[in-house]
There are 2 protein chains.
Amino acid sequence: MTIKDARTPASSQGEQSQGEQSQEAGKSSGWHKAYVEGSRPDLRVPVRQVHLTNGQSVTLYDTSGPYTDPLIDTDVRRGLAPLRENWIIARGDTEEYAGRPVRPEDDGIKHTAPRGGLRNLDAVFPGRPRQPRRSRDGKAVTQLAYARRGEVTPEMEYVAIRENVSPEVVREEIAAGRAVLPANVNHPEIEPMIIGKRFLVKVNANIGNSAVTSSIEEEVEKMTWATRWGADTVMDLSTGRNIHTTREWVLRNSPVPIGTVPLYQALEKVDGRAEELTWEIYKDTVIEQAEQGVDYMTVHAGVRLPYVPLTANRKTGIVSRGGSIMAAWCLAHHKESFLYENFEELCEILAAYDVTYSLGDGLRPGSIADANDEAQFAELRTLGELNTIAKRFNVQTMIEGPGHVPMHKIKENIDLQQEICDEAPFYTLGPLTTDVAPAYDHITSGIGAAMIAWWGTAMLCYVTPKEHLGLPNRDDVKTGVITYKIAAHAADLAKGHPGAQDWDDALSDARFEFRWEDQFNLALDPDTAREFHDETLPAEPAKTAHFCSMCGPKFCSMKISQDIRREHGGSRAEIEEGMALKSKEFAASGNRVYLPIAD
Amino acid sequence: MTIKDARTPASSQGEQSQGEQSQEAGKSSGWHKAYVEGSRPDLRVPVRQVHLTNGQSVTLYDTSGPYTDPLIDTDVRRGLAPLRENWIIARGDTEEYAGRPVRPEDDGIKHTAPRGGLRNLDAVFPGRPRQPRRSRDGKAVTQLAYARRGEVTPEMEYVAIRENVSPEVVREEIAAGRAVLPANVNHPEIEPMIIGKRFLVKVNANIGNSAVTSSIEEEVEKMTWATRWGADTVMDLSTGRNIHTTREWVLRNSPVPIGTVPLYQALEKVDGRAEELTWEIYKDTVIEQAEQGVDYMTVHAGVRLPYVPLTANRKTGIVSRGGSIMAAWCLAHHKESFLYENFEELCEILAAYDVTYSLGDGLRPGSIADANDEAQFAELRTLGELNTIAKRFNVQTMIEGPGHVPMHKIKENIDLQQEICDEAPFYTLGPLTTDVAPAYDHITSGIGAAMIAWWGTAMLCYVTPKEHLGLPNRDDVKTGVITYKIAAHAADLAKGHPGAQDWDDALSDARFEFRWEDQFNLALDPDTAREFHDETLPAEPAKTAHFCSMCGPKFCSMKISQDIRREHGGSRAEIEEGMALKSKEFAASGNRVYLPIAD
């Protein structure tokens, strides 16, 4: 595929391009947004085209949504255009309905408070009114159901173009349960993406206010900021006030699938008293969120009563919020988890909206000492059991993984998960490879993330520098996303993902040829790369200089390397020939000075 | 071993302590410097004792030198006390001599410039005058020679205490060539350390001015700053003016071994014209640096003429400065490398001072595309050959490794190096696992560093965020060191290094028990951990709060976990018993809700 770029038709036909057709969008410092059209005019897949100074261009995967397209007038108060709406309607298997009325307690307003009394009405999302949609007459409306029936949906074709594979490969992987395409029928704004080990490794960024700090505006900004830097999905983990309203703003403005943990909101509805949770309150919350358009939900149904004692001798007990809430509930009632007991009914609800399961690892280890213990693997076996049930209901399912794990125990995690869960996508948090570096846990976990993704994890949940310490701000979100994009891309390379190395090659070519601007523009974070270079050599001529301040002109190995090539031949082929000839002469004259030593 | 701490004799007898005896030094926000005495009063090994609020203490390895001991009055103009001087003299196998006179060109003053005309005389190190020392009457004065003769030197005993192993293990590993103890007889100021795969993974930090920027003061400050954060050795890679003088300041003030690349200074002496380099100029530079006290030297003797053509088709050619200089020399003269041809004479020189070889990988890959190629492995085989020769001369030797290597090609590097080089310590730069993240190459390389260290690399050369872009400043040095300490410690854990996990366990205990101050003080970087916590919850009571702003009080899993334990039993043993009983009741009543699905 080649993108025909309307803006610079001659110069952008680079060796890296892909895609059948494109439409110009506009330029943003060194790259511009383009689109690859699929089999129908309303199927346009965004790509990031980086324009090089040598006339070539490089096409990169783009998660930033319409915000980076200057031809699209975005407004967070209106929300994004519902790209998938016609596809969903055309299938004719869903219907609109009145939906569940929004109640004050959805936003954490206490039952006893005067109705609306504490509510910030200004915060209500002002976009067009909409009714929720769900499956009609028990129709199977999940991408898994379509894939199993042999149907390639527009969503599947969309991700096939994004991943540069055939739509049939996408369908097969979804049908086999090895990949998920999270796309709630009530979230038509998303640009479809896929999570599975045969595809590019994905990165999730967590946002969300807490009872202590952060506002709706901040969370929406963090979402667009995270996707700007490459987040493939975003989880809204809000736990404070305005949970419902914050989520509405995030969903209506998000170009990527949104995940949540419904248990958090359910707990707010019972004023934080875990023992007061009921299946009814939880179910109502799931429906509330499914109607809003949440694409995947973490469900800690694997935290079963008999497993709780297995955590008693742990160094750090239960470190998953959801896991600890469910454990507290189980012990308070001395009953099996209501999530586990009502799992089939939950499957029916999720199936009606095509919400994807993210089966939570509520008993994941929270320290090196607790890695790969009995509690963790007991839960994993239950997740395997639940995965099988979910598939019976045509619910797409991924499995969450740890946590804190030393390097030598990482592989066992992915191997066991793949075996127990029939190769369902693994979605891991890190893992952190040591406990001793609070404030640097993006790095302790980036190491583990790269390794486990190489071995098969399909999506990585990012960790920010604030992990264990506080709520991430905008800068932390960026640092977390960039670190995890590094881990994901390193894994794509190690897996030999087709075309993954083209990006590295383009950047290394630019580096060797001292095309500084190209090196910056191809970088995961062009702004910081440019800033670091300019810190010591700010002048414009330094952008074309054949050295940088790191080694200076005399010690620039790349400059010397180039000089060698220039002096000993023209093209690479010529110099190779010339040098090989000289080398042969030298070898013929006996080029060994030291003979191998026997002792 | 237990450290008897004079300051707080009752409270500091923690389960983590080690060491026979100690002497109080002074406290620095949560930890204080203590010493473990060996078999003689002048053998005192520094440790960092972290004092926990629960009355215990944790003993950590300490590289920060006398600067963190408030009882020692340090002055960079005087230099550090020569701790090893008596040990060296007592051996009676070295002698002082007049030494080579310092010449203006040693500091990069041009031959044609008026003598001293450009020299900044203020910069000359003002400390006590000293004469260099070298072996007497061809005596073998290296730690390798002593180890082979069965002698345990004070240096070996010192590192045995540091590593918590027996002196005999240290001697055996050095004798076998599997470890090096870099300790030039002219650098008596160092606190001895060891580099080998059976010991803790070490981290090197590079400093050094370039022709473009940076001053002597900055370099000395970077050295003390790097060791403050945990650098085990420092390489002075200066290439600009004042190379000799900068190195003198660095050496006289460094508590850790100092490495250099003599070729850089030699090239400055011929005004940057590689083809004008000669064996004589190089040899003179090596002697100059050996007399100053450089502990290990990178020598690119493996870049042989016949290998240069092997780099012709590379994406990024030769990226080692030393490698490119030697390649240029070989091609210009169409001759075999003078380093390779004079290697035996070089061994004799290094042996006379106990300078350790770091055999440079001048043909290391500079991009993912070039990893593990013919040029790289051809050089590695020559390094194996040179390693054998060096050992014949009793010269301690380590081998340098790449570079840019994707994850799936990393293991081959260490396996091949260990095989070819008779298990000599591997000393790798990263490796970087992708090329696409300039400004984040501490992270791209931290991933590879952790992995290769797990598999056997003995020392990691750090990479800072400025790699490929510019000269690191103080902040970059700190970020690089912390990132690499994480990689090294993660590897120590994965290798199952005895006692390595004690540190993680202590921190995780503090985390689970909401001992925030202990968590900060045990962190690799206490300052940043505290700062990040305080950003959202600055008040002092938050330091004892049972939550942080990340999740808030209601969603703190650790708090819920603790509540569970409190409500369902007292001690961990009690709760386990109580919960296990309940669990059995539950199991007896049939605790499976869903039976395994056959389909």
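The values are calculated or read from the model by the stated rules, or taken from the named source; none is laboratory data. These numbers were taken from a predicted model, which means no experiment stands behind them. Virtual Cβ from ideal backbone geometry, glycine too; neighbours counted across all protein chains shown.
Would you be able to tell me the number of residues in segment A:441-462 that are within 11 Å of chain B (Cβ to nearest Cβ), closer than 24 Å to residue B:559 by Cβ and either out of contact with any Gly (no Cβ under 7 Å at 6 or more places or on another chain) or in a loop (DSSP other than H, G, I, E, B) (or both)?
2
On the given criteria, is residue B:169 surrounded by fewer than 24 Cβ atoms within 10 Å (Cβ to Cβ), among the β-branched types (Val, Ile, Thr) and not in a loop (DSSP other than H, G, I, E, B)?
yes
Of all residues in segment A:463-474, count the ones that are buried (at least 24 other Cβ atoms within 10 Å of the Cβ) and outside any loop (DSSP other than H, G, I, E, B).
0
Within segment B:417-435, which residues are over 22 Å from the mean Cα position of the chain (by Cα) and either surrounded by 24 or more Cβ atoms within 10 Å (Cβ to Cβ) or of a type in the set (Ser, Thr, Tyr) (or both)?
The answer is B:434, B:435.
Scan segment A:366-381 for residues that are among the acidic types (Asp, Glu) and crowded, with 21+ Cβ neighbours inside 10 Å and jot them down.
Within segment A:366-381, A:370, A:379 qualify.
Keeping to segment B:52-71, report how many residues are within 15 Å of residue B:481 (Cβ to Cβ), in a loop (DSSP other than H, G, I, E, B) and touching a residue at least 40 places away in the same chain (Cβ under 8 Å).
Count: 2.
Have a look at B:384, B:403, B:366 and point out the one that is within 13 Å of chain A (Cβ to nearest Cβ), touching a residue at least 60 places away in the same chain (Cβ under 8 Å) and under 22 Å from residue B:452 (Cα atoms).
Matching residue, one of B:384, B:403, B:366: B:403.
Based on this model, can you work out whether residue B:438 counts as more than 7 Å from chain A (Cβ to nearest Cβ), part of a loop (DSSP other than H, G, I, E, B), of a type outside the set (Val, Ile, Thr) and surrounded by 24 or more Cβ atoms within 10 Å (Cβ to Cβ)?
no
Collect the residues in segment A:375-422 that are part of a helix (DSSP H, G or I), of a type in the set (Val, Ile, Thr) and over 19 Å from residue A:324 (Cβ atoms), keeping them in residue-number order.
A:388, A:389, A:410, A:414, A:420
Select the helices (runs of 4 or more DSSP H) contained entirely in segment B:483-595, then report the ones holding at least 2 residues which are over 19 Å from residue A:319 (Cα atoms), modelled with pLDDT under 80 and facing chain A (nearest Cβ under 8 Å).
So the answer is B:572-588.
Quick grid of which residues meet (1) of a type outside the set (D, E, K, R); (2) within 14 Å of another protein chain (Cβ to nearest Cβ):
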| position | (1), (2) |
| --- | --- |
| A:190 | yes, no |
| A:198 | no, no |
| A:203 | yes, yes |
| A:229 | yes, yes |
| A:233 | yes, no |
| A:241 | no, yes |
| A:251 | yes, no |
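In this structure, does residue B:514 turn out to be more than 16 Å from residue A:367 (Cβ to Cβ) and touching a His at 6+ places or on another chain (Cβ under 8 Å)?
Criteria not met by residue B:514.
Taking segment A:300-359, which residues are of a type in the set (Gly, Ala, Ser) and closer than 16 Å to residue A:267 by Cα?
The answer is A:301, A:320, A:322, A:323, A:324, A:327, A:328, A:332, A:337.
Among (1) touching a residue at least 60 places away in the same chain (Cβ under 8 Å); (2) aliphatic (A, V, I, L, M); (3) under 25 Å from residue A:537 (Cα atoms), where does residue B:453 come up short?
With (1) touching a residue at least 60 places away in the same chain (Cβ under 8 Å); (2) aliphatic (A, V, I, L, M); (3) under 25 Å from residue A:537 (Cα atoms) applied to residue B:453, the lone miss is (3).
In the list B:13, B:23, B:49, which residue meets the criterion of being modelled with pLDDT under 50 and in contact with a Phe, Trp or Tyr (Cβ under 8 Å, 6 or more places away or on another chain)?
The match here is B:23.
So for segment A:330-338 (the condition being touching a His at 6+ places or on another chain (Cβ under 9 Å) and crowded, with 24+ Cβ neighbours inside 10 Å), does at least one residue qualify?
Checked segment A:330-338: at least one residue is touching a His at 6+ places or on another chain (Cβ under 9 Å) and crowded, with 24+ Cβ neighbours inside 10 Å.
Per-residue answers, yes or no, for (1) touching a strand residue (DSSP E or B) at 6+ places or on another chain (Cβ under 9 Å); (2) charged (D, E, K, R); (3) buried (at least 24 other Cβ atoms within 10 Å of the Cβ):
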position: A:383; (1), (2), (3): yes, no, yes
position: A:414; (1), (2), (3): yes, no, no
position: A:450; (1), (2), (3): yes, no, yes
position: A:476; (1), (2), (3): no, yes, no
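Would you point out the residue of segment B:301-326, among those that are within 7 Å of another protein chain (Cβ to nearest Cβ) and of a type in the set (Lys, Arg), that is surrounded by the most Cβ atoms within 10 Å (Cβ to Cβ)?
B:321
Scan segment B:327-341 for residues that are facing chain A (nearest Cβ under 7 Å), within 15 Å of residue B:383 (Cβ to Cβ) and of a type in the set (A, V, I, L, M) and jot them down.
Selection gives nothing.
Is there a residue in segment A:344-351 that is in contact with a Gly (Cβ under 7 Å, 6 or more places away or on another chain), among the aliphatic types (A, V, I, L, M) and within 14 Å of chain B (Cβ to nearest Cβ)?
So far as segment A:344-351 goes, no, none of its residues is in contact with a Gly (Cβ under 7 Å, 6 or more places away or on another chain), among the aliphatic types (A, V, I, L, M) and within 14 Å of chain B (Cβ to nearest Cβ).
Consider residue B:267 against the criteria (1) in a loop (DSSP other than H, G, I, E, B); (2) within 14 Å of chain A (Cβ to nearest Cβ): it satisfies all of them except one. Which criterion is unmet?
Residue B:267 satisfies all of (1) in a loop (DSSP other than H, G, I, E, B); (2) within 14 Å of chain A (Cβ to nearest Cβ) except (1).
Quick check on residue A:375: is it within 13 Å of another protein chain (Cβ to nearest Cβ) and touching a Pro at 6+ places or on another chain (Cβ under 6 Å)?
Here the answer is no, as residue A:375 does not meet what is asked.
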